[in-house]
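Student: Next up is a structure, given as structure tokens.
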Amino acid sequence: MRENCMKISWKKPLIVLLALMFLAQCIHSALNNRTAEPELVEEQPILVWYTDPELQEYMETAAAEAAEAYGIEVNTELVSEVDYIETIGEQSMAEEMTGPDLYVASSSQLEKAYLAGLASRLDGDDIAEDYSEKAAHAVTYDGEIIAVPFYIETCFLLYNQYYTEEIPATIDDILTYAEAFESDDVTSLVENIFAWNVADVIDDYMFLGAYTQLGGEDGDDKGQVSLDLEKIEECLSYYQSLNEYFAIDADTVTSDDVIQDFIDGRTVFVIANVAMLAQLDQAVAAGELPEYPMERTVTDEDGEETTEELSYEPFYAAAALPDLTAELASQGLSVTNSLVVNPYSANTEMAEAVARYFTETKADKLYSMVGKLPAYRKLAEDPTSAWEAVCEAYDEAAETPKIIELSDMWLNLEATLADIWRGEDAGEEIAEFAELLESRLD
């Protein structure tokens, strides 16, 4: 009997112990599953960094709307552009992660970000569908999409339709127009035929871009950096000769002055960028334009006069950049700013969703709010009458390279072009620049 009692007393604690172990395991598993649920992770705030103060209104509005859409807190922070990527790295890899989940970066910063482990690889299929092929290449590094295109910058031609309705194919065509120009009642305000900011390297790049390679299609291949010095010398000699025709003072010219003269009807053709276009469209919306005649008298080949009505809404039109001459091509420069998902984020999936909200869902307000043109192409309506021309100019332009060693080349190129504009030998100047470029890549 005692033996039987002993057997019974042994089995009972064992069963209780096993039951307790099973219960503990269930509780532990349940706790693990609960903390891994995405909805709890999504409740963590998403922090977005940017460096351009002009974006502030858009960033704050988009953040508030994204927060409401996704049921999470979304914060934006304007930070210094000095050591931007380095600061993101330091704060992301600190013991307590205080860096951004998402940050705005230009194409030239993407190699540094990727090599520092601060850029997540993204699914590129929908990028190719919703953006131009050019924009997709702008956010590609080492064959991988690593950011979502946000907004673009490039140069294009603007012309006053009261003064001409023909799009010049070349700058030579503009010179021909200048030689034949005669002031009349309609063109009485004209003081300049052609103008651009000769002190801005982005505006000037068209004079050597067609014969310059800056890292291949994705802008990340050091083996595809080259200058065709013979052709570039021809182009820059032509560039220098334009100083004789248009006498633009590189020491005093500004983009604001160039576009204001165009707004006031004093210039026929200008090379403009997106910021200048936004200033122009604001003036059009505000009605801050000169009064143009409503009609003009036209004499045909038989000497008969007819009256032609004049009315252009808006008064300007846009086109992609003209070539230099029939023999010398041009190619502009572009910069694509993007939103990058930080791999150190506690929730990269939600960070990417917020990125899509900023770059796609809210994109139709980007230009009207802060004067930036979205990279996203599936907008409900064009943000500006110049939209198609700007998109064409952007798609044809060379993107700013991602190669770290070329990050300071723009200051050197700007100085080189300034010297050439003022009369220095084009061949010698560009040869010196080519040597500097080569030394950076060695």
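Student: Label-point separation (nm) for SER226 and GLU327, each offset 7 Å from Cα along Cα-to-Cβ?
Tutor: 2.2
Student: Now a separate question. Taking the highest mean first, how do the peptides 282-293, 56-67, 91-102 order by number of other beta carbon atoms within 10 angstrom per residue?
Tutor: Highest-to-lowest ranking by the protection proxy: 56-67, 91-102, 282-293.
Student: Note the direction-averaged projected area, equal to a quarter of the hull surface, for the Cα convex hull of the range 317-411, in nm².
Tutor: 9.1
Student: Over the chain, what lengths in whole Å, largest first, do the semi-axes of the equivalent ellipsoid take, defined as the square roots of 5 times the eigenvalues of the alpha-carbon gyration tensor? If you can, show how the numbers build up before the last one.
Tutor: Values: eigenvalues 676, 142, 53 Å².
For the chain, the ellipsoid semi-axes come out as 58, 27, 16 Å.
Student: Let me ask something else. Could you calculate the FRET efficiency of GLU133 with ALA380 from 1/(1 + (r/R0)^6), where r is the beta carbon distance between them and R0 is 25 Å, rounded to 0.05? Can you show the working numbers first?
Tutor: On the way: r = 22 Å, r/R0 = 0.88.
Computed FRET efficiency for GLU133 and ALA380: 0.70.
Student: In terms of the Cα gyration tensor, with a ≥ b ≥ c the square roots of its eigenvalues, is the range 311-357 rounded because a/c is under 1.5, prolate because a/b exceeds b/c, or oblate?
Tutor: oblate
Student: In whole Å, what is the distance between the alpha-carbon centres of the range 209-275 and the range 303-370?
Tutor: 18
Student: To the nearest 0.05, what FRET efficiency results for THR61 and GLU217 with a Förster distance of 30 Å applied to their C-beta separation?
Tutor: 0.30
Student: Between ALA94 and GLU405, with labels modelled 7 Å along Cα→Cβ, what's the label distance in nm to one decimal, could you check?
Tutor: Here the modelled spin labels are 3.4 nm apart.
Student: What nm value, rounded to one decimal, do you get for the distance between ASP251 and ALA415 when each label is placed 7 Å out toward the C-beta?
Tutor: 1.8
Student: Hey, quick one: spin label on PHE181, modelled 7 Å out along Cα-Cβ, who in the range 260-278 has an amide N within reach, i.e. under 20 Å?
Tutor: Only 260-273 fall inside the zone, counting backbone N under 20 Å.
Student: Still on this structure, I have one more. Please work out the C-alpha center-to-center distance from the range 130-183 to the range 389-416 and express it in whole Å.
Tutor: 14
Student: May I pose another question? Please list, short to long, the whole-number percent of alpha-carbon pairs of the range 362-442 in consecutive 5 angstrom bins beginning at zero.
Tutor: Calculated P(r), rounded to whole percents: 3, 12, 16, 13, 12, 13, 12, 11, 8, 2, 0.
Student: I need the peptides 158-164, 433-439, 334-340 ranked by packing, meaning the mean over residues of other C-beta atoms within 10 angstrom, with the highest value on top.
Tutor: Result, highest mean Cβ count within 10 Å first: 334-340, 158-164, 433-439.
Student: Another question about this same structure. With a 1.4 Å probe and all protein chains left in place, how much accessible area per residue does the range 262-384 have, in Å²?
Tutor: On a per-residue basis, 44 Å².
Student: For the range 309-347, list residues with backbone N below 15 Å from a point placed 7 Å from the Cα of TYR70 toward its Cβ?
Tutor: Under cut-off, by backbone N: 339-347.
The values are calculated or read from the model by the stated rules, or taken from the named source; none is laboratory data. If you're wondering where the values come from, they're calculated on a predicted model, not measured in any experiment. When we count neighbours, we look across all protein chains shown, and the Cβ atoms used for this are built from the backbone with ideal geometry, even at glycine. Heads up: the accessible areas ignore ligands, DNA and RNA and are worked out on the full protein's heavy atoms, side chains in. Shrake-Rupley method; radii C 1.70, N 1.55, O 1.52, S 1.80 Å.
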